[in-house]
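Worksheet for the structure shown next.
The values are calculated or read from the model by the stated rules, or taken from the named source; none is laboratory data. This is a predicted model, so every value here is computed, not measured. Note that we place each Cβ from the backbone using ideal geometry, even for glycine, and neighbour counts take in every protein chain shown. Accessible surface is based on the protein model in full, side chains and every heavy atom, while ligands, DNA and RNA are left aside. Shrake-Rupley method; radii C 1.70, N 1.55, O 1.52, S 1.80 Å.
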Amino acid sequence: MAHAATISHRPSVFAGIANFFAAIGRGLVWMAEANPRFKELERLQRMSDDDLAARGLRREKLVEHVFRNSACI
């Protein structure tokens with residue numbers, strides 16, 4: 001007995017919607033990573049705990065420190 005399957009290659013409406021929102025998400029990530037505060041946070045995260053302590057910072061408080069003047073954290 002032979003079985004046959006039909007595979008449709010038509011793009012789904014849901015796939016188009018998913019791609020649209022994925023593109024928006026990629027754009028938001030790009031905008032966040034281009035922010036100077038994000039770059040400062042990355043720079044501080046690369047420092048050793050001793051270097052951070054010399055600056056009066058703790059690793060678990062870096063986000064609060066970098067975004068301290070921001071409207072929402």
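Structure data summary
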| quantity | calculated |
| --- | --- |
| Unmet criterion (only one of (1) open to solvent by less than 70 Å² (accessible area, probe 1.4 Å); (2) at pLDDT 95 or above) for ASP51 | (1) |
| Filtered residues of the range 42-53 (kept if out of contact with any His (no Cβ under 9 Å at 6 or more places or on another chain) and either within 23 Å of ALA32 (Cα to Cα) or part of a helix (DSSP H, G or I) (or both)) | GLU42, ARG43, GLN45, ARG46, MET47, ASP49, ASP50, ASP51, LEU52, ALA53 |
| Residues (open to solvent by less than 60 Å² (accessible area, probe 1.4 Å) and part of a helix (DSSP H, G or I)) located in the range 54-73 | LEU62, VAL66 |
| Residues of the range 14-48 satisfying the condition of being open to solvent by 70 Å² or more (accessible area, probe 1.4 Å), among the acidic types (Asp, Glu) and at pLDDT 90 or above | GLU42 |
